[in-house]
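K.L.:
Dropping a structure here in structure tokens format, bear with me for questions.
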Amino acid sequence: MSDKTALTPSTHTTPPAAFSHGVRKGNILQVAGQVGFLPAVEGQPPTPAGPTLREQTRQTLENVRAILEEGGAGWDDVMMLRVYLTDTGHFAEMNELYNAYFAEQGLRQPPAARTTVYVGLPAGLLIEIDALAVLD
Amino acid sequence: MSDKTALTPSTHTTPPAAFSHGVRKGNILQVAGQVGFLPAVEGQPPTPAGPTLREQTRQTLENVRAILEEGGAGWDDVMMLRVYLTDTGHFAEMNELYNAYFAEQGLRQPPAARTTVYVGLPAGLLIEIDALAVLD
Amino acid sequence: MSDKTALTPSTHTTPPAAFSHGVRKGNILQVAGQVGFLPAVEGQPPTPAGPTLREQTRQTLENVRAILEEGGAGWDDVMMLRVYLTDTGHFAEMNELYNAYFAEQGLRQPPAARTTVYVGLPAGLLIEIDALAVLD
């Protein structure tokens with residue numbers, strides 16, 4: 001089998017520790033937990049797309065997508081999305097945003113499985129998502 | 001490799017968003033987070049098997065099993081179970097229920113690995129479980 | 001594909017329920033959630049390496065490593081590490097400890113992806129980590 005490759009989109013900030021934003025080995029691709037940070041700007045700290053769930057959900061999904069694409073995959077290859085929210089009161093709104101996002105993506109395969117749980121996240125962050133993909 | 005297939009047992013309620021209860025692609029099968037909902041009844045909202053950990057744990061495991069079987073797999077194929085509880089005080093009882101359940105399943109292979117953490121879940125739900133399986 | 005094999009390092013305490021510390025099937029290896037318990041001593045209950053994040057983080061990573069090695073894998077094969085902390089205030093220190101640990105491991109491949117979330121853990125435990133590896 002092939003080596004493990006780090007997936008580092010140019011839009012992404014440097015990880016804050018010795019981990020990769022994503023890795024691919026053979027046909028398995030794992031995306032690290034993504035949050036709603038805007039594309040990285042040289043010399044500036046990571047900045048969320050905005051304070052709202054709406055802004056952060058869309059940006060988080062876009063950040064997952066960038067890593068999938070860096071590894072030659074797309075949403076159709078994703079088997080599992082883990083969604084971490086901070087507030088059970090956000091579930092309905094997140095689902096609306098999630099459905100709207102994926103309606104735009106033109107999936108040709110069934111959507112991924114998903115688990116949503118409610119955890120603590122760093123201050124100001126309302127959502128985090130990671131993904132496991134299996135390529136053809 | 002084969003296409004990604006959605007796994008939707010007839011007992012399951014429609015997912016509340018654009019995700020699959022389970023997906024299989026090649027020999028990898030991922031089960032979405034399951035909770036203790038009873039088999040779906042047309043026109044009725046999802047209903048937990050009961051208010052207790054005992055009722056919900058057994059139903060949740062049965063819901064995971066239904067998805068595994070829909071994909072041609074069984075407990076022996078499961079590599080990892082993620083158990084989400086809401087209260088650290090439930091750990092001992094969940095383990096008793098877990099052991100009793102699997103003692104009935106007649107596993108011929110070693111049990112899956114497991115991680116148990118304590119998170120928030122929607123009101124009334126005490127346990128959620130998801131699973132990763134690798135088929136022969 | 002081969003059977004599923006349980007991975008049980010001699011250093012590990014018996015799991016408190018019907019799960020495996022790790023399993024391998026084919027080229028997929030899953031490590032169960034590890035905490036900072038010291039190597040098992042016959043007849044004694046599991047004991048954390050110490051009360052601090054520093055002590056527990058190192059021991060937890062060593063416990064993950066023992067399971068990887070039992071399955072013929074190493075850190076270079078790890079695709080994903082899930083880090084569960086109990087306090088967002090521990091993130092910076094955990095990253096320092098994490099970086100120092102992996103700097104010593106002499107990785108020849110890119111580091112694994114990672115998700116860090118903040119959950120409840122049993123009293124006295126500050127960190128839990130599980131791992132998914134894909135072997136060559």
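K.L.:
Going from most exposed to least, what order do A:24, A:58, B:82 have by accessible area with a 1.4 Å probe?
P.N.:
Descending order: A:58, A:24, B:82.
K.L.:
Quick check for you: with a 1.4 Å probe and neighbouring chains kept, what is the accessible area per residue of segment A:4-134, in Å²?
P.N.:
That works out to 38 Å² for each residue.
K.L.:
Relative to the other copies, what are the label-point distances for residue A:45, with labels 7 Å from Cα along the C-beta vector, expressed in nm at one decimal and sorted shortest first?
P.N.:
Shortest to longest, the spacings are 4.1, 4.2 nm.
K.L.:
Over all alpha-carbon pairs in chain B, figure out the percentage whose distance exceeds 17 Å.
P.N.:
Counting pairs separated by more than 17 Å, the tail of P(r) holds 58 percent.
K.L.:
Follow-up question, since we're still on this one. Tell me: how much accessible area in total is hidden between A and B, 1.4 Å probe, Å², nearest 100?
P.N.:
Adding both sides of the contact gives about 2200 Å².
K.L.:
Using a 1.4 Å probe on the protein chains only, how many percent of the accessible area of the protein assembly as shown belongs to carbon and sulfur?
P.N.:
In the protein assembly as shown, the share of accessible area belonging to carbon and sulfur is 51 percent.
K.L.:
Additional query: Using a Cα-Cα cut-off of under 16 Å, which lysines could be cross-linked to residue C:25, ignoring same-chain neighbours fewer than 8 residues away?
P.N.:
Leaving aside lysines fewer than 8 places away in the same chain, those within reach of residue C:25 are C:4.
K.L.:
With unit charges on the beta carbons (Lys and Arg positive, Asp and Glu negative) and the dipole taken about the Cα centre of segment A:4-134, which residue among A:125, A:32, A:100 sits farthest to the positive side?
P.N.:
Checked the options; the winner is A:32.
K.L.:
Sticking with this one: Extension gain residue A:42-residue A:10, at 0.36 nm per residue separation less the Cα-Cα distance, in nm?
P.N.:
10.4 nm
K.L.:
For residue A:38, list long-range residues whose amide hydrogen, built 1.01 Å from N in the peptide plane, is under 5 Å from its own amide hydrogen.
P.N.:
Excluding prolines and chain starts, which carry no amide H, the hits are A:47, A:49.
The values are calculated or read from the model by the stated rules, or taken from the named source; none is laboratory data. Remember, it's a predicted structure, so these values are computed and weren't measured experimentally. Because the Cβ atoms are built from the backbone with ideal geometry, glycine has one as well, and the counts that use them run over all protein chains shown. Calculation scope for accessible area: heavy atoms of the full protein, side chains included, ligands and nucleic acids excluded. Shrake-Rupley method; radii C 1.70, N 1.55, O 1.52, S 1.80 Å.
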